[in-house]
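Report on the structure given below.
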Amino acid sequence: MAQQFKVFIDGQAGTTGLEISERLLPRSDIELLQIASAQRKDPQARRNLMGQADVTLLCLPDEAAREAVAIAPEDARILDASSAFRVANGWTYGCPELLMTQRDDITRARRVSNPGCYPQGFVLLIRPLIDTGLLSPAAKLRVMGVSGYSGGGRSLIEKYQAFTDEEQERQNTCLYSLGLQHKHVPEMHHYSGTQSAPLFLPSVGNFYRGILVQIPLFISEFATSTSIGDIHDALAQRYQHETFIDVLSANDTAILEDGYLNATAVNHSNRLQLMVYGNAEQVLLAARYDNLVKGAAGAAIQNLNLMLGVAETTGLTT
């Protein structure tokens, strides 16, 4: 009989917790430890379950995640889905595709921080270009993104789903974080290899799930004589053995719908598509994925699988 692992999800009723639970419940190798509704905020009850679990997943707001870590047994293995510990000392960044050594680091780690939705696309596009010398770490980067409203959690979901017809018409794509201090920026800066933080402008679209990340650049910002083909090849070579990452052909028009790039085309899968568009003077790097799967729950399950020592793809749609 295959080994069965015990997993406790602290915050199972939240958006990410529900997405993770949905993928773990059918698995015969996972026993989900349940907490009574009346004890969800009971520190001792939660600590007891953390002590029983092989891994505890925290699907909580940042401050609540910090409080959970503070009450956890010292030897508890924790995978945190909030942004509380993504650049913290003593925590391993849970992006298996980041570096060739990252999977081993996650497998051995006692504390793993799941990556943010927007940072994954940005980091996985930029890091290989800096590592190969095509893009200078000193480059000043601009990044734009649009995500489905589920990325804002329960309160934003309820707001959008309660809109009247008139509000639905008016509340289309909306920019936010106009103070340019989004909480994902430190993570983007830290793991991309850039010397300065990128200028990040996110937006929320009037659709439930799906995400596009876009990085516009001038070809002059790359190393001398760099072409669109060079940029594409650097990404393709880096991710050629990655199960969940597809590097599409340069200037790929086959994936467009009447010339448009749809944010929702890979929803409900753990796929992340990377794209390079442009010409002799300008470049657009883009990433497309499901903000609730590869951007959150799917990435968490990749990390959980690594921490448990099972195949990374277990329970995920490729």
Could you tell me how many degrees, from 0 to 90 and to the nearest 10, lie between the Cα long axis of helix 117-131 and the main elongation axis, the longest principal axis, of the Cα atoms of the chain?
50
Simple spin-label estimate for GLU158 and ASN89 in nanometres, 7 Å along Cα-Cβ
4.0
Radius of gyration and maximum dimension Dmax of segment 117-291, Cα, Å
16.5, 53
Mind listing the long-range amide H neighbours of ARG77? Cut-off is under 5 Å, sequence gap 5 or more, other chains count too, H placed in the peptide plane at 1.01 Å from N.
THR56
Using +1 at the Cβ of each Lys and Arg and -1 at the Cβ of each Asp and Glu in segment 117-291, identify which of ILE228, SER192, LEU217 lies farthest towards the dipole's positive end.
SER192
How do 151-158, 113-120 rank on mean C-beta neighbours within 10 Å, highest first?
113-120, 151-158
Where labels lie 7 Å past Cα in the beta-carbon direction, separation of ALA138 and LEU180 in nm:
2.0
Net charge around LEU60, counting only other residues with Cβ within less than 10 Å of its Cβ (Lys, Arg = +1; Asp, Glu = -1)?
-4
Determine the percent antiparallel among the DSSP beta bridges restricted to the chain, to the nearest 5.
45
Using only the Cα atoms, what convex hull volume per residue in Å³ does segment 258-309 have?
89
Short version: ³J(HN,Hα) in whole Hz for each residue of segment 164-174, in order, from phi by Karplus 6.51 cos²θ - 1.76 cosθ + 1.60 (θ = phi - 60°), x for Gly and Pro, what are they?
6, 4, 5, 5, 4, 5, 7, 8, 9, 6, 10
Compute the distance in nm between two label points, each set 7 Å from the Cα along the Cα-to-Cβ direction, one at ASN279 and one at ARG66.
4.9
Compute the signed sum of charges (Lys and Arg +1, Asp and Glu -1) over the other residues within less than 15 Å, Cβ to Cβ, of GLN44.
+1
Based on the Cβ-Cβ distance of GLN237 and HIS268, what FRET efficiency does E = 1/(1 + (r/R0)^6) give at R0 = 22 Å, to the nearest 0.05?
0.15
To the nearest 10 degrees, the tilt of helix 228-238 (Cα long axis) against the first principal axis of the alpha carbons of the chain is 30
Taking R0 as 45 Å, what FRET efficiency do you get between ASN172 and GLN3 from their Cβ-Cβ distance, rounded to the nearest 0.05?
0.35
Which length gain, in nm to one decimal place, applies between ILE255 and SER227 when the Cα-Cα distance is subtracted from 0.36 nm times their residue separation?
7.9 nm
Specify the angular offset, from 0 to 90 degrees and rounded to the nearest 10, of the alpha carbon long axis of helix 43-52 from the longest principal axis of the alpha carbons in the chain.
80
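All of the numbers you see were taken from the coordinates with simple rules; none came from a lab. Please read all numbers here as calculations on a predicted model, not as lab measurements. Heads up, the Cβs are rebuilt from the backbone with ideal geometry, glycines too, and the neighbour counts pull from every protein chain shown.
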